[in-house]
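The values are calculated or read from the model by the stated rules, or taken from the named source; none is laboratory data. Computed from a predicted model, the values in this text were never measured in an experiment. Virtual Cβ from ideal backbone geometry, glycine too; neighbours counted across all protein chains shown. SASA here: full protein model, heavy atoms, side chains in, ligands and nucleic acids out. Shrake-Rupley method; radii C 1.70, N 1.55, O 1.52, S 1.80 Å.
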Amino acid sequence: MDDTQRTGWQKRILLFLTSQCITLFGSTLVQMALVWYATMQTSSGVWVAAFTVCSYLPQFLISFIGGVWADRYHRKKLIIGADLLIAFVTFVMVLAIPHISSEPALLGSLLVMSVIRSLGAGIQTPAVNAVIPQLIPEDQLMRYNGINVTMQSIVNFAAPAVAGAVFAISTLRTTLMIDIVTAVLGTGLLSCLALPKQNTSIEKVSVFSDMKIGVKYAFADKLIGKLLIIYGLFTFFCVPAGYLAGLLVRRVFGDTYWYLTAVEVVGFAGMMAGGIIMSTWGGFKHRGKTLAVGLFAFGSFAIGMSFSKNFIFYLGLMVCYGVALTMVQTAITTMLQEKADTSMQGRVFGLLGTMYAGFLPIGMAMFGPLADILPLQWIMIGSGIALIVIAGIAYYNRELKAI
């Protein structure tokens, strides 16, 4: 960020983050609605896994290409275009639902919608992450990443409560309509924001060549490469205690939308608390130590949740789980923003999105069906132990200890 961009940057970043939180609210609400709908209609780990895979696998396939586009083209236009694509396909689904007569056909149609929405997210996410360091001085990145997490967590805190209320009194179509409204509001707000000039004068080689350059750059740097790998493994082992939480709650505590709502609300409350902590405290002096402590805490709470037989105690652990999650995500994001060259940030965050959107469906494809064979609690214990081992490796890693 040059001196001319430092004036009024706080207003610009808050406007940008607000626009993204508005669209995030609708997207999160619909994502929860789809998984909850599959959970309640089928009570099947396979169907829950199918919806999660369709929501993230396409994002995995296009995320790195989206990162290349974020380095080549105007990032604001990419973000707005992706948001409008998601809103359009959702609107088509709203119109189609009354004409779908069978439950299997409806579930299949919702899966197709999830695929297209995921493609839009794969284009949007790398551009959003690359815009943030354009707007913020480097010495403020950890603080504003914490603020970003706090704002997103407030949205995510509200979204499940709204989803539960809408499901209780209305229909899936109404839930989908909320996403369309928020997309229009969010893109309208973003269109009013002027972003700093972006260098798009790089040599225009093929997208495939740009992807190869990005991969080579990321993994030639030992720190960036290790952070990407840790994030992928972290995402994979999050699945049992995090993304299959609704299945655990239904099997152990009861089959009501309000239990599912409570779990999501307190989880995001924990993330909100974690964001506030990171925005004020900023983590330990060394970023690597913050990451390692977050990973250790995350694994420990996952194990604790597997033993819980009391719903209130389970919710308390879920709050702590959310705080640990925020520590890990904020530390990794900040280190990548600080380390990656400006001209490569789109591709680096495209790779980060690829790790998330790749390892999550792999985890769902493995742990979802496995949860229909083995007790989910056993799987949670195993994944928690794996995360603690990764925390130990991160703590003693030379590159991570140096920052």
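I'd like to check which helices (runs of 4 or more DSSP H) are fully inside region 220-318 and have at least 3 residues that are of a type in the set (Ser, Thr, Tyr).
Values: elements: 222-238, 245-252, 257-280, 287-307.
The helices (runs of 4 or more DSSP H) meeting that bar are 257-280, 287-307.
Tell me, which residue of region 334-354 that is of a type outside the set (Lys, Arg) and open to solvent by 30 Å² or more (accessible area, probe 1.4 Å) is farthest from Leu291 (Cα to Cα)?
If we filter region 334-354 for residues that are of a type outside the set (Lys, Arg), which is where we start, we get 334-338, 340-346, 348-354.
From the residues that got through so far, the ones that are open to solvent by 30 Å² or more (accessible area, probe 1.4 Å) too are 338, 341-343.
Working: Glu338: 15, Asp341: 21, Thr342: 23, Ser343: 26 Å.
So the residue we want is Ser343.
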Reported set for region 366-398 where residues are open to solvent by less than 40 Å² (accessible area, probe 1.4 Å), more than 22 Å from the chain's Cα centre (by Cα) and within 13 Å of Phe296 (Cα to Cα) is Gly392
Looking at (1) in a helix (DSSP H, G or I); (2) touching a residue at least 60 places away in the same chain (Cβ under 8 Å), find the lone condition where Pro196 falls short. (1)
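I'd like to know if region 95-110 contains one or more residues that are of a type outside the set (Lys, Arg), in contact with a Ser or Thr (Cβ under 7 Å, 6 or more places away or on another chain), within 27 Å of Thr333 (Cα to Cα) and surrounded by 15 or more Cβ atoms within 10 Å (Cβ to Cβ).
Initial filter on region 95-110 (of a type outside the set (Lys, Arg)): 95-110.
Cutting the leftovers down to in contact with a Ser or Thr (Cβ under 7 Å, 6 or more places away or on another chain) gives us 96, 100.
If we keep only those that are within 27 Å of Thr333 (Cα to Cα) as well, we get none.
No, the conditions are met nowhere in region 95-110.
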Considering residues of region 15-30 that are open to solvent by 10 Å² or more (accessible area, probe 1.4 Å) and within 14 Å of Ser114 (Cα to Cα) only, the residue modelled with the highest pLDDT: Ser27
Under the condition of being aromatic (Phe, Trp, Tyr) and assigned by the TED database to the domain that holds Ala386, which residue from region 202-243 is modelled with the lowest pLDDT? Tyr243
Conditions (1) within 26 Å of Ala70 (Cα to Cα); (2) among the hydroxyl-bearing types (Ser, Thr, Tyr); (3) surrounded by 22 or more Cβ atoms within 10 Å (Cβ to Cβ) -> Tyr314 fails only (1)
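Hey, does region 288-303 have a residue that's in contact with a Lys or Arg (Cβ under 6 Å, 6 or more places away or on another chain), outside the structural domain of Ile147 (by the TED database) and not charged (D, E, K, R)?
Step one: filter region 288-303 for residues in contact with a Lys or Arg (Cβ under 6 Å, 6 or more places away or on another chain), giving 288.
Applying the additional criterion that residues be outside the structural domain of Ile147 (by the TED database) yields 288.
Those left that are additionally not charged (D, E, K, R): 288.
For region 288-303, residues in contact with a Lys or Arg (Cβ under 6 Å, 6 or more places away or on another chain), outside the structural domain of Ile147 (by the TED database) and not charged (D, E, K, R): present.
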If you check Gly294, Gly322, Gly299, which single one turns out to be open to solvent by less than 10 Å² (accessible area, probe 1.4 Å), under 21 Å from Ile385 (Cβ atoms), at pLDDT 90 or above and touching a Phe, Trp or Tyr at 6+ places or on another chain (Cβ under 8 Å)? Gly299
Considering residues of region 31-50 that are among the hydroxyl-bearing types (Ser, Thr, Tyr), surrounded by fewer than 22 Cβ atoms within 10 Å (Cβ to Cβ) and part of a helix (DSSP H, G or I) only, the residue modelled with the highest pLDDT: Tyr37
May I ask you to list pairs of residues, at least six apart or on different chains, whose Cβ atoms are under 6 Å apart, with the first in region 156-185 being hydroxyl-bearing (Ser, Thr, Tyr) and the second being open to solvent by 30 Å² or more (accessible area, probe 1.4 Å) and assigned to a helix (DSSP H, G or I)? Thr182/Ile22; Thr182/Phe25
Considering only helices (runs of 4 or more DSSP H) fully contained in region 333-403, which possess at least 3 residues that are within 27 Å of Tyr144 (Cα to Cα) and in contact with a Leu (Cβ under 9 Å, 6 or more places away or on another chain)? 345-370, 376-396
